[in-house]
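First up is the structure itself, then whatever we jot down about it.
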Amino acid sequence: MAAGDKSRLDGSALATVLRILLPIFLALLVGALLLLALGKDPLAYYGYVVKRGLLSPTGLQASITRMAPLLLIAAGLIVAFRSGLWNLGVDGQFLLAAVCVAALAPGMAAHGFGDVITLGACFIVAMVIGAAWSLIPAFLKASHGINEIISTLMMSFLGVSFANVLIKIPFNDPTTTVPQTATLPVEDRLARLGDSTVHWGVILAVIMVVAVHWMMERSSFGLKLQIVGSNPRAAIHAGLNVKLLTYAAFAISAGLAGLAGAVDLLGVHGTIRADWNPAYGILVIPLVFLARFNGYAVIAFVFFFAVLMIGGESAARRLGVPTFFVLVLVALLMLFFAVTEFLDQARKKKTGA
Amino acid sequence: MSALLTEAFIGSLIFGALTAGIPLLLAGLGEQISEKAGVLNIGLEGMMLFGAYAGFAVAYSYSSFTIGFLAGGLAGLATACLMALLCVVWSMNQIVVGIALTLGAEGLTALLHHFQFSRSYPRLPKAETLPLPGLSELPVVGGALFDRNLLVYLAILLTVFMVWVFNRTQLGLNLQAAGDKPAALDAAGVSVKGTRFAAVLCTGFLGGLGGAYMSMVGGGLFLPFMTGGAGFIAIVLAMLARGHPLWVLIGAVLFGVSLSLATALQVAGVNIPTDVIQMLPFAMVILVLIIFARHSYLPPALGIPYHRGER
C-alpha cells in the first residue's frame with residue numbers, strides 16, 4: 001500500500017463492499033463503546049448526527065456545502081499521493097490562501113471590479129499562494145531527496161502561524177474588536193444554487209475531483225506522475241524529467257489546497273478570525289486512503305464525512321459531546337481500514353492470488 | 001537593548017530553553033532509536049500527547065511526580081505497542097498508522113480533558129528540584145541549569161548512555177543493521193522484527209516521558225493539543241542528527257532557545273506578537289533543512305517493512 005499504488009478492481013463486488021463497510025462499522029462500534037464509557041448514549045448521539053447532518057434539509061445543505069473545501073483538498077491529495085509524494089502540509093496551504101483571498105476579495109469588491117474578475121483573481125491568487133507554499137518542500141525533495149513528510153508538515157505549522165500574523169497585523173479590519181479580516185458582503189460571495197444555501201463552489205469541487213481522476217488515469221502526464229510515484233529509478237531510466245514532475249505534482253496538489261481555501265472563504269465565511277484553523281487537510285488524508293486514491297470513491301467518502309462533521313457539530317452543542325470525538329472516529333476508521341487491508345492481503349497470499 | 005543582557009533575561013532564557021528542550025531531547029533520542037532500526041515513527045506526536053495526558057492525570061490523582069512520569073512513559077509505550085504491532089509485525093504503512101495514532105491521540109486526550117478537567121483546570125504544584133551541590137549556587141546560570149528536576153539530569157545522562165550503546169555494544173550494531181541491511185541481521189540469526197519492535201517500544205516510552213515532562217513540569221497542567229508539533233520537531237532532530245545522540249542534544253537545546261525566546265523577551269520588556277515567536281522553531285527547521293540538506297541521513301531500509309527472502 002505505497003503512496004503510489006493504483007486502485008485495483010479485484011475480488012468480488014461483495015468483498016469490495018465489505019472491505020469498505022467493515023472498517024466504518026468497527027470504527028462506529030468502538031466509538032460507541034467510548035461514548036458509553038464517557039456516560040453518553042451512543043444511539044442517541046449517532047441518531048442525532050444522522051438527523052442533523054443528513055435528514056434535516058438545512059443540515060443536508062450544510063453538509064453538501066462543507067464538501068466543497070474537502071473535495072478540493074482531496075483532489076490535490078490524489079495527485080500528490082498517486083505521484084508518491086506525501087503532501088501533509090495542506091492545512092498551511094489552505095489557510096494561507098484563504099487569508100490572502102480574505103484580504104483581496106473585499107478590497108476588489110469595494111473598488112467596483114465585477115464579480116467575474118474578482119472571483120477569477122481570487123482563485124488564481126489562492127492557487128499561486130498554495131503552490132508557492134509547497135515550493136521549498138518540492139525543492140528539498142527534487143534536489144536533495146529530503147523526505148517531504150517532514151518538510152511539508154513544518155511548512156504547514158509555519159503557514160498557520162504566518163496566516164495568524166497576517167490576520168492580526170496587515171490584514172486586520174480596524175473596525176472590529178476581535179482581530180479578523182474585512183468582511184466580504186454576502187452579495188459578493190459565490191452564488192447559491194436555486195433556493196438552497198449550497199454555493200456553486202461544490203460543483204467546481206466535484207468537477208475538479210473528476211478532472212484529477214481522469215488526469216491520473218487517462219492522460220500521459222498522469223501516467224508519467226504515476227511512474228515517478230511507483231518507481232523513481234525506472235522513471236529516470238525512462239528518460240522522464242523527475243525533478244520537473246516532482247515540482248509539478250507539488251504545485252498542482254498545493255494549488256488545489258489553496259483553491260479550497262478560496263472557495264471556503266468566498267462561499268461560506270466571508271471573513272477569517274485570528275486562530276481559525278479548521279485543519280481539514282489532516283482529516284481528508286485518511287479519506288483519500290480509504291478511497292484508494294479513486295476520485296469517485298473520494299466523493300462518496302467525503303459526503304459521509306461531511307455529514308459526520310456537520311452532525312457532530314450540532315451534537316456538540318446539543319448533547320455535550322465535543323467535536324474531538326469526530327477526530328477519534330477518523331483515527332479508528334483509519335486503523336481499522338489498515339487492519340482490513342492487511343487481512344485482505346494475507347488472505348490473497350494464502351489463496352495464491 | 002541593554003535590557004537584553006540582564007541577569008533576569010539570561011536566566012529566564014536558559015531556564016526556558018531547558019524546559020522546552022528536554023521533551024524534544026527525550027522524544028528525539030527515542031525517535032533516533034526507531035529510525036536507526038528502520039522504522040519512521042510518525043506517531044511520535046501522538047505518543048507524546050498520550051504521555052502528557054496520562055502523566056498529568058496520574059500525577060494529579062496520586063499526587064506523585066514519580067508515578068506520573070512512569071504513567072506518561074507507559075502511555076507512550078502502550079501507543080508504541082499498537083504501532084509496532086501494526087507496522088512491524090503486520091507490515092502496514094508506517095505513515096498512515098502514524099497519522100492515525102496522532103489524530104486519535106489528539107481527539108481522545110482532548111475528549112478526556114473536556115470531561116475531566118475543562119471546568120476546573122487543575123494545576124500540579126511546582127515540580128521538586130534537585131539542586132546539585134556547589135554548581136547550583138553559581139551566579140546567573142546556577143539556578144537555571146543546576147537546580148532542576150531529576151528527569152533533566154537523567155535525560156542528559158541518557159544521551160551519553162546512548163552514544164555508548166550505539167558505538168560500543170552489540171545492541172547498537174543490531175539496531176544499525178536492522179535499518180541499513182535487515183537481511184544481513186536476519187542472516188546473523190537476529191530477529192529483524194524483534195529488534196524493530198523493541199526499538200519502537202523504546203521510542204514510545206521516551207516520547208511519552210517527554211510529553212509527561214511537558215505537561216507536568218513545563219506547564220503544570222494538561223491542555224488539548226498541547227504538544228503543538230513538538231513530536232514532529234523531534235523527528236526532524238533525529239533525522240538531522242544522522243544517528244548521533246549528541247547532535248540531538250545540541251539541536252534540542254537550540255530549539256529550546258528559540259521556543260523560550262518569547263517568555264524571555266517578555267521578561268526583558270520587549271513585546272513581539274506570540275504568532276511571530278511561534279513561527280521561529282518551524283522556520284528554523286526549514287532553514288536547517290535547506291542549509292544542511294545534503295547532510296541529513298536516513299537508513300536505506302527506513303519505512304520499508306521487512307519480509308524474509310524479499311529483495
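The values are calculated or read from the model by the stated rules, or taken from the named source; none is laboratory data. Keep in mind it's a predicted model, so treat the numbers as computed, not measured. Please note: Cβ atoms are built from the backbone with ideal geometry, for glycine as well, and neighbour counts cover all protein chains shown.
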Where a residue in the stretch A:292-316 is on the phi > 0 side of the Ramachandran plot and its partner, wherever it lies, is assigned to a helix (DSSP H, G or I), with Cβ under 6 Å and at least six apart: A:Phe293/A:Ile78; A:Phe293/A:Phe81; A:Phe293/A:Arg82
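Here's the yes/no breakdown for (1) of a type in the set (Phe, Trp, Tyr); (2) crowded, with 16+ Cβ neighbours inside 10 Å; (3) over 19 Å from the mean Cα position of the chain (by Cα):
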site	(1), (2), (3)
A:Asp41	no, no, yes
A:Tyr45	yes, yes, yes
A:Ala74	no, yes, no
A:Ala105	no, yes, yes
A:Ala110	no, no, yes
Output for the stretch A:96-116, where each listed residue is free of Cβ contacts under 8 Å to residues at least 12 places away in the same chain and within 15 Å of A:Arg189 (Cβ to Cβ): A:Ala110, A:Phe113, A:Gly114, A:Val116
Some residue of the stretch B:111-120 being buried (at least 22 other Cβ atoms within 10 Å of the Cβ), within 14 Å of chain A (Cβ to nearest Cβ) and in contact (Cβ under 8 Å) with a residue 40 or more places away in the chain: yes
Those residues of the stretch B:33-44 which are at pLDDT below 95 and closer than 17 Å to B:Ala212 by Cβ, in sequence order: B:Gly43
Members of the stretch A:152-168 found to be among the hydrophobic types (A, V, I, L, M, F, W, C) and more than 7 Å from chain B (Cβ to nearest Cβ), listed by number: A:Val160, A:Ala163, A:Leu166, A:Ile167
The stretch A:264-286: number of residues that are within 19 Å of A:Ser156 (Cβ to Cβ), away from every other protein chain (no Cβ under 12 Å) and not in a loop (DSSP other than H, G, I, E, B): 3
Hits in the stretch A:254-291 (condition: modelled with pLDDT under 95 and of a type in the set (Val, Ile, Thr)): A:Val268, A:Thr271, A:Ile272, A:Ile282, A:Val284, A:Ile285, A:Val288
Selection status of B:Val88, at the interface with chain A (Cβ under 9 Å from one of its Cβ atoms), closer than 24 Å to B:Leu237 by Cα and hydrophobic (A, V, I, L, M, F, W, C): no
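Examine the stretch A:293-303 for a residue that is assigned to a loop (DSSP other than H, G, I, E, B) and within 10 Å of chain B (Cβ to nearest Cβ), and state whether such a residue exists. Walk me through it before giving the result.
As a first pass, look at the stretch A:293-303 and keep what is assigned to a loop (DSSP other than H, G, I, E, B): A:293-294.
Checking the rest, the ones that are also within 10 Å of chain B (Cβ to nearest Cβ) come to none.
Within the stretch A:293-303 (the criterion being assigned to a loop (DSSP other than H, G, I, E, B) and within 10 Å of chain B (Cβ to nearest Cβ)), the answer is no, since none of the residues qualifies.
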Candidates A:Ala62, A:Ala80, A:Ala32, A:Ala68, filtered to the one that is in a helix (DSSP H, G or I) and under 30 Å from A:Lys243 (Cβ atoms): A:Ala80
Failed item, numbered, when B:Thr19 is tested on (1) among the polar types (S, T, N, Q); (2) within 14 Å of chain A (Cβ to nearest Cβ); (3) under 30 Å from B:Leu145 (Cβ atoms): (2)
